[in-house]
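Inspection log for the structure reproduced underneath, given as structure tokens.
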Amino acid sequence: MFISLLFHHSENSRTWVLLLRMTFFLFFLSTALISNAQPRTITDLSGKGWKLWYDKDAAWNTDELFLPGTPVAAIYAAGPTGGWNVLNTTKARDVNVPGTVEGIFTNTILAGR
């Protein structure tokens, strides 16, 4: 009502009132549609059951960098130099997530192995 009174004296008052009403209608309609959207699926990856292997021979200096928005299908994941089965050997350590490589392999990294 206040908006209607505000534009009452203008030459195009009906046009402005109609435009404002349509804007509010579209705003509330879009808000209702967004609130009915499906919630994001969240998977908790923390905890036990992870393996970590310190791959000292892994080449990283020629890896391509990907900007946000790059399609996941375009991103290449390089495997370990010893192959994925190395995670099933005694070279791999059982770890919990979250964690850091530095925290788990501090002595190995400092020794330069």
Quick one: is Lys56 surrounded by 10 or more Cβ atoms within 10 Å (Cβ to Cβ), within 30 Å of Ala92 (Cα to Cα), over 17 Å from the mean Cα position of the chain (by Cα) and modelled with pLDDT of 90 or more?
-> no
Looking at the stretch 72-93, is at least one residue in contact with a Leu (Cβ under 6 Å, 6 or more places away or on another chain) and touching a residue at least 24 places away in the same chain (Cβ under 8 Å)?
-> yes
Qualifying positions in the stretch 34-83 - over 19 Å from Val97 (Cα atoms) and of a type in the set (A, V, I, L, M) = Ile34, Ala37, Ala58, Ala59, Leu65, Leu67, Val72, Ala73, Ala74, Ile75, Ala77, Ala78
Is it the case that Ala74 is loosely packed, with under 10 Cβ neighbours inside 10 Å, within 22 Å of the chain's Cα centre (by Cα), modelled with pLDDT of 90 or more and of a type in the set (A, V, I, L, M)?
-> yes
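The values are calculated or read from the model by the stated rules, or taken from the named source; none is laboratory data. Small disclaimer: the values here were computed from a predicted structure and weren't measured. Glycine also receives a Cβ, built like all others from the backbone with ideal geometry; neighbour counts cover every protein chain displayed.
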